[in-house]
Structure formats: C-alpha cells, structure tokens
Amino acid sequence: MDVPVAANVLGTIGAICWSVQLLPQLWINWQRHNAVGLQPTMMMLWAWAGVPLGVYNIVESFNIALRIQPQILTLLSLTTWIQCFYYEGKWTVFRSLAVVVPVACIMGGIQTALIVALRIAKERHLQWPLTLMAVLSAVLLAAGVLRHYWDIYIHRTVRGISFVFVGIDAAGDLFSLVSLLFFPWVQQKLKRRGLVNDGTGLSPACSRTGGEEPIALRDLPSSTSVFRTPSGDLDVIRQRNVARGGGEEDGRSA
C-alpha cells in the first residue's frame, strides 16, 4: 500500500498518542489508590474494541505502528479495568490476575482466529467482513465514551478521568484525521467535489450558448471561478470574435 510520507508520519503520531493515552489514567489511579468515578464498563468496551481494530489493521497490512496500537489499547484498557476492581472492589492481586489474564487470552485467541478467517475472505475478494470489523471497533469505542458521559449526566460532575488522558486522546484524533487528508483517494474525492462545484457555476454559461458552439475552458477568465462579472463576459466575447475573424481570413486565403 503506497502511503505518502506525511500521512504515514501523522498517522504514526496519532497511533502513538492512542497507544499511551491510558498511561496517565493508570498513573493517577495508582497514585490515589482508588478509581472512584472511572467506569469499568468503559474500559472493558475499549479493550474489546482493540480486537476488531487489530484484525482490520493487520489484515489490511497497515504499518507496524497501526498493527501494534490496538494491542496496546487492549492491554492498557484491561489493566485500567482491573484497577477498578482492585481499588474499589478491594480485590487481591491474585484474584485480579486470575480474572484479567484469562480474559486477555480469550481476546487474543479471538483476534488470531479472525485474522486467519478474514485473510481467507480477502483472498476471495469479500470486503464486508473487514468493513464489519472497522464498524464494530468504532461502535465499541463510542459506547465506552457514552458510558462515561452517562456517569457525568447522573452525577453532574466529571469523576475519575485524567484530563491528561483526555488531551492525549484528542491529540490522537486530530493527528489521525489530518493524516487522512494526505491519502490520494481522499484528495481525489475532494477534487471531485471541487469539480462538481465548478461545474455548477459553469452550467448557466453553457445554457446561454444554446448548443451553437462549444465552450473552451481556456477562453474563460478563470476555469475555477464561480462568480462572473460583465467585464469578464465582454473579454470572452472579444476573444471569440478575434478567433472567428482569424478563422474566416484563413478560409478566404485558402
């Protein structure tokens, strides 16, 4: 897959931000020795979101940073999730590990099986399974965030969330979105939209000719100009008259 350097760099920065975003949350939980207000449901949903996201990135053969990022997201989300029970549920270290390790193994097994299955599907030119993985990941991430928004609505305050974590997450979103602008297929879509707008502006000029003669873009004051002025129209008429005169003289001389 041919990816421009700018898109690769910005996308990698975004992936790094998303990879380390939960470290401030883990740190503040450990420092306070509590996880009051932090929603374990949100963390578990984010952990599961990393599974289909990892499948999608690996099967699509993205760069190494994007392949590793979902694995780190799942690992840190599971660690934050079990912190909620360790601090708030007063679980022992042994009990916490006895729960989180099997969950992590199940997630790893499911991801491995899906990677094998979707590679076969891709070889058979089936695209919808990969699209499903991307959509499922986005839905799980959104559901996790909405769960915390619900807690904010219920308690009328923001509880338990590290604002450094929120800032890094927002930076990851920003860098990843900007990186999309450098992909050729995105630029092509933007150009097409621009051409549609230009064509809309030129359609009245085409209708005025009544189909009697073609319109050449080189005769127009600006091929991308939507707003036309009377002076600009006069210039076009003069240029066409000159062109006609030259053509008639050539015909007579022949």
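Read the figures in this text as sums done on the coordinates, not as results from a lab. Owing to the predicted nature of the structure, the values given are computational and were not obtained by experimental measurement. Reconstructed Cβ throughout: ideal geometry from the backbone, glycine too, with neighbour counts over all protein chains shown.
Take Lys122, Lys90 and order them by how many other Cβ atoms sit within 10 Å, fewest up front.
Sorted ascending by nearby Cβ count, the order is Lys90, Lys122.
Can you list the equivalent-ellipsoid semi-axes of the range 5-186, largest first and in whole Å, using the square root of 5 times each Cα gyration tensor eigenvalue?
Gyration-tensor ellipsoid for the range 5-186: 29, 20, 14 Å.
Could you tell me the relative contact order of the range 5-186? Use alpha-carbon pairs under 8 Å, at least six residues apart, and round to a whole percent.
Over the range 5-186, the number comes to 44 percent.
Quick one: Glu60, Glu123, fewest Cβ neighbours within 10 Å first, how do they rank?
If I rank by nearby Cβ atoms, fewest first, I get Glu123, Glu60.
As an exercise, use a Förster radius of 30 Å and the Cβ-Cβ distance of Arg119 and Leu177 to find the FRET efficiency, rounded to the nearest 0.05.
Once rounded, the FRET efficiency stands at 0.60.
Within a 10 angstrom radius of the beta carbon, how do Thr79, Thr41, Thr74 rank from fewest other beta carbons to most?
Placing the least packed residue first, the sequence is Thr41, Thr79, Thr74.
Placing +1 on the Cβ of each Lys and Arg and -1 on the Cβ of each Asp and Glu in the range 5-186, which of Thr74, Asn29, Ser162 has its Cα farthest towards the positive end of the resulting dipole?
Looking along the dipole axis, the top candidate is Asn29.
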